[in-house]
Amino acid sequence: MAYKPELLATARSLEELERLIAAGADAFVIGEARYGMRLSGEFSQDMIVQAVEIAKPKGVRIYASLNNLMDNETADCLDDYVASLAEAGVDAIVFGDPAVLMAARQHAPGIALHWNAEMTSTNFVTAEYWGRRGASRFVLARELNMEQVIETAASTALETQVQVHGMTNIYHSKRSLVDSYMEHQSETDRLPRKDKDRGLYVMEAERQDERYPIYEDANGTHIMSSDDICMVENLHELMEAGVTSLKIEGIMKPIEYNEIVVRAYRNAIDAYTADPDDYSFQEEWLEAIQQVQDPNRELSYGFFYKEQVY
């Protein structure tokens, strides 16, 4: 079978899921905040069932995110929740905690397992460790550069997944830091909402031109990057390396923006896989993204071309 990478997206609603399928997404990561971390939107169990019903006839895959930090109370509910995902027909479970792995082995033995522990997924030995325990996919840390991504993809038999577009998390705390700060402010300064739609951000005194989006939910405080990864211009390097899944992170972006981004990457993937030897990047793919990019957020290559010094 000829190589064709998966274009993986996120969705904040069933409407966005349908629109991004039409734009060219092959698969989606969705879930609910109790079990998944930093989701674009909240998908109840009923909504996950509907998502599968929408996606399956179109050959689109649905992955359920269970990569949260699991406490005892949540772990007690995992068996029933994982069983419901199996009944719904999701294609894979994204996990980081072994508790999820154990629940999936018992209650969803036919579902693929994608290991995603974010910053700690930095080498192929760790990938093989989780592969021997049932994982079929390894989600690479965003801190890896291109050389490390290529080496890891070549050194493991597992599927590999890399984020190619969107904002990334740079700090997380289980504590409600914004709430704690606001407790020291006057009553008139209290914020009624601190969620993803509120538009809050923090700045450093030395770099006031950079804004870091911040929000709180049931999982604590999340501070996001001040720029957006954009690898559409260099996507061929990841495809030459045989990376299985290319993820567009759509968190905190409007549907219209995500549609344009998905379409641009779809065009690049299709052009490359149709004729890898004669592939050439088309400027209009990047220009379409630039036209809708927030002027306060720079498009960057993330860590892909940075030398890693340990």
| task | Sort out which residues of region 26-37 are over 14 Å from residue 62 (Cα atoms) and open to solvent by 30 Å² or more (accessible area, probe 1.4 Å), and write them in order of number. | result | 34
| query | Looking at (1) of a type in the set (Gly, Ala, Ser); (2) over 18 Å from residue 261 (Cα atoms); (3) surrounded by 16 or more Cβ atoms within 10 Å (Cβ to Cβ), which is the one condition that is false for residue 44? | reply | (3)
| request: Return yes when residue 147 is closer than 17 Å to residue 239 by Cβ and not in a loop (DSSP other than H, G, I, E, B) and no when it is not. | output: yes
| Would you call residue 104 in contact (Cβ under 8 Å) with a residue 12 or more places away in the chain and surrounded by fewer than 23 Cβ atoms within 10 Å (Cβ to Cβ)? | no
| task | Tell me, please, whether a residue that is touching a strand residue (DSSP E or B) at 6+ places or on another chain (Cβ under 8 Å) and closer than 24 Å to residue 263 by Cα can be found in region 64-79. | result | yes
| task | May I ask you to list the residues in region 74-90 that are surrounded by fewer than 18 Cβ atoms within 10 Å (Cβ to Cβ), under 26 Å from residue 126 (Cα atoms) and modelled with pLDDT of 95 or more? | result | 79
| field | Filter result for residue 301 (in contact with a Phe, Trp or Tyr (Cβ under 8 Å, 6 or more places away or on another chain), within 20 Å of residue 150 (Cα to Cα) and open to solvent by 30 Å² or more (accessible area, probe 1.4 Å)) | value | no
| Just wondering, is there one or more residues in region 245-258 that are buried (at least 18 other Cβ atoms within 10 Å of the Cβ), modelled with pLDDT of 95 or more and over 21 Å from residue 21 (Cβ atoms)? | no
| field | Selected residue (criterion: farthest from the chain's Cα centre (by Cα)) from residues of region 269-292 that are closer than 30 Å to residue 210 by Cα and crowded, with 18+ Cβ neighbours inside 10 Å | value | 285
| task | Go through the residues of region 4-25 one by one and say whether even a single one is open to solvent by less than 10 Å² (accessible area, probe 1.4 Å), closer than 28 Å to residue 106 by Cα and assigned to a loop (DSSP other than H, G, I, E, B). | result | no
| request: Find all pairs meeting these conditions: Cβ atoms under 6 angstrom apart; at least six residues apart or on different chains; first residue within region 148-165 and under 14 Å from residue 3 (Cα atoms); second residue of a type in the set (D, E, K, R) and open to solvent by less than 40 Å² (accessible area, probe 1.4 Å). | output: 159/137
| field | In region 255-293, the residues that are in contact (Cβ under 8 Å) with a residue 60 or more places away in the chain and of a type in the set (Ser, Thr, Tyr) | value | 265, 273
| Looking at region 114-138, which of the residues that are touching a Ser or Thr at 6+ places or on another chain (Cβ under 6 Å) and open to solvent by less than 50 Å² (accessible area, probe 1.4 Å) is nearest to residue 249 (Cα to Cα)? | 138
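The values are calculated or read from the model by the stated rules, or taken from the named source; none is laboratory data. Quick caveat: nothing in here was measured; it's all calculated off a predicted structure. Here the Cβ is made from the backbone with ideal geometry for all residues, glycine too, and neighbour counts use every protein chain on show. With ligands, DNA and RNA removed, areas are computed over all heavy atoms of the protein, side chains included. Shrake-Rupley method; radii C 1.70, N 1.55, O 1.52, S 1.80 Å.
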